[in-house]
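Asker: I'd like to ask you about the structure that follows.
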Amino acid sequence: MKRIAGIFLAAVLLFCRSAFADQPTTVLTEMKSGKQVTMEIPLIDGANDEVLQHSVNNVLRNAVEDVAAKVGKQGRITYEVALNRPSLVSILIKGTNGGRTYFRGVNLDLTTGREFSLDDFFYNNEEREKLLGKRAENILFTEEGIAFSEKKGSAYTQKFSYQALLPLARIGDIGRLLTVWKLTESSHGKILKIKQGEMFAFKLNANPSTGYQWDNSVTGGPADGIVKVGRSFVIPGSQNERTGTPGTEFQFYAAKEPGTYQMKLSYQRPWEKGIGIRECNVTIIVN
């Protein structure tokens, strides 16, 4: 009987971990009123790590106090959640005192207990600087893209969509911020419907030591409407990464423009023409 109870408890715990693994982050409100100021303080609850949760809540409390100080500790401090992911939350704090207004964006990473920035998800290079300029401060991550303010304390009126930044994405981390749809060779002959600005990735069996590689081509839709943003090859850890060991290739693509595209992946040697020994052809519809 005890064994059955133990198995049942283990099953319940496993279910709970699975059920809450990919849920949005809970943001609670703590009301604090003084003689001349009323504050709405956003607080995170239900995080996997209580120490990190405590850390990000300290960041939020300090940010609210800072905004209150900027408006003379009078009036009202409010907030709104601009981005909510399982481990990423961005909050816009607003202080008003008569005609005086002050804004502050806080971007929080629940896996580190600290604020995150553009550098955590997009490469900082010349191409990014051409797109965004040198605006590394006063950034707020939102559901649609990145918002900027002209100077500290002003409204985040300038908007920049994620889709234009997709070619600069750090592939290992971008899945935490944006939706990445996963595909295998079982997707051959099928249709994937996604939204503009989302990403998709193919997980493919491969062995580069044989000379074979996964070639790709895209037809249909606007030119450069779908762009390849990265690839990687992983050897199973149990194989000790010996040369010639088969592994898994990951190819990442970004949907930048609406349209209907024919995606063709062919496993073949570069010097051989014709059809590869394996193929994966998928129709991608971007809305």
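Asker: Excluding residue 219 itself, calculate the net charge of residues whose Cβ lies under 15 Å from the Cβ of residue 219, where each Lys or Arg counts +1 and each Asp or Glu counts -1.
Answerer: -2
Asker: What FRET efficiency do you get for residue 234 and residue 43 if R0 is 35 Å and r is their Cβ-Cβ distance, rounded to the nearest 0.05?
Answerer: Computed FRET efficiency for residue 234 and residue 43 comes out at 0.35.
Asker: Taking only Cα atoms, what is the 0 to 90° angle, nearest 10, from helix 2-20's long axis to the longest principal axis of the chain?
Answerer: The helix 2-20 is inclined about 80 degrees to the chain.
Asker: A follow-up question, please. Assuming R0 = 22 Å, what is the FRET efficiency of residue 285 and residue 215, from their Cβ-Cβ distance, to the nearest 0.05?
Answerer: On the way: r = 23 Å, r/R0 = 1.03.
About 0.45, to the nearest 0.05.
Asker: Around residue 116, which amide H atoms from residues at least 5 apart in sequence, or from another chain, sit under 5 Å from its own amide H, with H modelled in the peptide plane?
Answerer: Sorted by chain and number, the residues that satisfy this are 107, 108, 109.
Asker: Shifting gears a bit: Would you please classify the overall shape of the stretch 24-170 from the alpha carbon gyration tensor, given that a ≥ b ≥ c denote the square roots of the eigenvalues, rounded means a/c under 1.5, and beyond that prolate means a/b larger than b/c while oblate covers the rest? Write down the numbers at each step before the final one.
Answerer: Working: a/c = 2.48, a/b = 1.35, b/c = 1.83.
The shape class here is oblate.
Asker: Another one. Only helical DSSP H runs with n ≥ 4 go in: add -39500 (n - 2.57) per run for the chain, normalise by residue count and round the 222 nm mean residue ellipticity to 500 deg cm²/dmol.
Answerer: -5500 deg cm²/dmol
Asker: Moving to a separate point now. Taking a point 7 angstrom from the Cα of residue 54 along the C-beta vector, which residues in the stretch 71-99 have backbone N less than 11 Å away?
Answerer: Nothing falls inside the zone, counting backbone N under 11 Å.
Asker: Using the 10 angstrom Cβ neighbour count as an exposure proxy, how do 282, 64 rank, fewest first? Please report the intermediate quantities before stating the final value.
Answerer: On the way: 282 19, 64 25.
By the 10 Å Cβ count, ascending: 282, 64.
Asker: Using only the alpha-carbon atoms, how far is helix 50-70 inclined from the longest principal axis of the chain? Give it as 0 to 90 degrees, nearest 10.
Answerer: 50
Asker: Residue 262 label point, 7 Å along Cα→Cβ, cut-off 17 Å on backbone N: hits in the stretch 179-195?
Answerer: The answer is 188-192.
Asker: Determine which aspartates and glutamates satisfy two conditions relative to residue 190: a Cα distance under 18 Å, and not lying fewer than 8 residues away in the same chain.
Answerer: Cross-link targets: 279.
No value in this document is a laboratory result; all are computed from the given coordinates. Small disclaimer: the values here were computed from a predicted structure and weren't measured. Every residue, glycine among them, receives a Cβ derived from its backbone with ideal geometry; neighbour counts consider all protein chains shown.
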